[in-house]
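Throughout, read-outs are computed from the coordinates displayed, never taken from laboratory work. These numbers come from a predicted model, not from an experiment. Every residue, glycine among them, receives a Cβ derived from its backbone with ideal geometry; neighbour counts consider all protein chains shown.
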Amino acid sequence: MTLDLYGFWRSLATFRVRIALNLKGVDYREHRVDIFSGEQYDPSFRAINPMAAVPALVEHGQPPLTQSMAILEYLEEVYPDPPLLPASPRARAHVRALAMIPACDAHPLLVPRVRAYLSDVLVLDEPSRMAWLEHWSLTALAALEQHLAAVPGPFCAGASPTIADICLAAHMAGARLSKFDTSAFPACNRIVDHCMQLDAFAQAHPLKQPGAPVQG
Ligand SMILES: N[C@@H](CCC(=O)N[C@@H](CS)C(=O)NCC(=O)O)C(=O)O
């Protein structure tokens, strides 16, 4: 049965869920919630996600699932093939930790509601706001680079993609869209470039989604 994904082209958390759905071959249709124009605050969407954030995943007749990491874990349990977590408990914990660096330590500092607070409440000017975003974006990449510099690859944890690759690819896409200099992170760039050769990642990219700016 087709799943309903509520998302937005520029949303990195939605990008994560799209990749997982694609990797697992799960059929879905996406409904656009324009988080730049404030559609996430519409009562009809708040009824789906009271946090007013995408993604949300709805299966016919079931309450919505929210939080991209919870959705990835759900997909892993319900559609175990191909696995997005390694077999051993220790390796799984490590992959989850790598995934959480961008998803839990960095991404919450970069979202529109935080950007709006920086400009509207703290009255930061545009260069100061960009410095904030760049700082936290690159802080996560520096930590990941230290973890990944010596891995044999081609993915974060071996020969197939895991949730660590999904979260790294989404985070790097955000950094690249913001034109941050990521050249100090060659291992991260190498792994992401490898991921993006897979259709499941490439087709899920923000710039491939309806509503994204057309690239010249
Ligand atoms: N921890 C949540 C984050 C969800 C989130 O903040 N999504 C962003 C887009 S990536 C959003 O919808 N933001 C709306 C806003 O900040 O107003 C998840 O992983 O799903």
### Residues of region 21-41 with amide N under 18 Å of a point placed 7 Å along Cα→Cβ from D81
21-27
### For peptides 61-69, 146-154, 198-206, 7-15, sequence by mean Cβ density within 10 Å, most packed first
7-15, 198-206, 61-69, 146-154
#### Entry: FRET efficiency estimate (nearest 0.05) - Cβ-Cβ, V151 to R90, R0 25 angstrom
0.95
### Query
With charges set only on the Cβ (+1 for Lys and Arg, -1 for Asp and Glu), what does the dipole of the chain come to about its Cα centre, in debye to the nearest 20?
180
### Task
Please work out how much length the chain gains when fully extended from A97 to E134, using 0.36 nm per residue of separation minus the C-alpha to C-alpha distance, in nm with one decimal.
11.2 nm
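Could you work out the helix-only [θ] at 222 nm for the chain, with each DSSP H run of four or more residues adding -39,500 (n - 2.57) and the total divided by the number of residues, to the nearest 500 deg cm²/dmol?
-14000 deg cm²/dmol
Please list the helices of the chain that count as membrane-span-like by this rule: a mean Kyte-Doolittle hydropathy of at least 1.0 together with Cα atoms stretching 20 Å or more along the helix axis, each helix being a complete DSSP H run.
163-177
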### Message
Run the simple label-point estimate for Q203 and A184 please: 7 Å along Cα→C-beta, distance reported in nm.
### Response
3.7
### Query
Counting every Cα pair in region 3-82, what percent are over 22 Å apart?
17
### Query
If r is the Cβ-Cβ distance from R46 to A159 and R0 is 41 Å, what FRET efficiency results, to the nearest 0.05?
0.45
#### Entry: Taking the C-alpha atoms of the chain, convex hull volume expressed per residue in Å³
129
### Task
May I ask you to order 104-116, 167-179 by the average number of other C-beta atoms within 10 Å around their residues, highest value first?
167-179, 104-116
